[in-house]
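First up is the structure itself, then whatever we jot down about it.
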Amino acid sequence: MLPLFLVGIVIAQVKVTNPGFEAGELGTVPTGWRVPTVVAEAGFAVKTVDQGCHGGTRCAMMTGVANHPATIFGNLIQTLPADGYTLRRIRLRAAIRVQGIQTRAQMWLRLDRPDNSMALLENMGDRPVTAAGMEDLRYRDERRRRR
């Protein structure tokens, strides 16, 4: 019975769709990802490009406007069910480059419990990317979670 149980755990883990932004058409939001409506209405846009990428042949590029509302920030989102990740380590990594005056970028990982209360928020608020060069970022959550 143990092998079937382990197979069930592996199958239950939903993987990130298109993590390298390689799928989909150039010039469109990467397949499997979305830009919230309020973000798009504030003037932010995301598209798949094939120039200036760090690794792989494609990457996502976000552009914004100079005077967006202070409460709105650009983001590119993918939501996964957390069921298959209970008591598992979580690792998030990305290569991020920013351009422009007073521009910043942050990776964001949020984990919600079944009752929609927040179990984890790592948003790099204390260490945003602000330099023009490409930065390799990694986040690894070593804590074991309970439901």
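The values are calculated or read from the model by the stated rules, or taken from the named source; none is laboratory data. Here the structure is a predicted model, which is why all the values come from computation and not from measurement. Cβ: placed from backbone, ideal geometry, glycine included. Neighbour counts: every protein chain shown.
Checked against (1) under 25 Å from ALA40 (Cβ atoms); (2) among the hydrophobic types (A, V, I, L, M, F, W, C); (3) surrounded by fewer than 13 Cβ atoms within 10 Å (Cβ to Cβ), LEU87 passes all but condition (1).
Given the condition surrounded by fewer than 14 Cβ atoms within 10 Å (Cβ to Cβ), modelled with pLDDT of 80 or more, acidic (Asp, Glu) and in the same structural domain as GLY133 (by TED's automatic domain parsing), answer yes or no: does some residue in segment 102-112 qualify? Yes, there is a match, as at least one residue in segment 102-112 is surrounded by fewer than 14 Cβ atoms within 10 Å (Cβ to Cβ), modelled with pLDDT of 80 or more, acidic (Asp, Glu) and in the same structural domain as GLY133 (by TED's automatic domain parsing). Residue count for segment 117-147 under the criterion of being at pLDDT 70 or above, loosely packed, with under 13 Cβ neighbours inside 10 Å and within 19 Å of GLY84 (Cα to Cα): the result is 3. Residues that are farther than 22 Å from HIS68 by Cβ and among the small types (Gly, Ala, Ser) were ranked within segment 28-54; the one that is modelled with the lowest pLDDT is GLY52. For segment 77-108, the set of residues classified as over 17 Å from ASN123 (Cβ atoms) and of a type in the set (S, T, N, Q) consists of THR86, GLN99, GLN102, listed by residue number.
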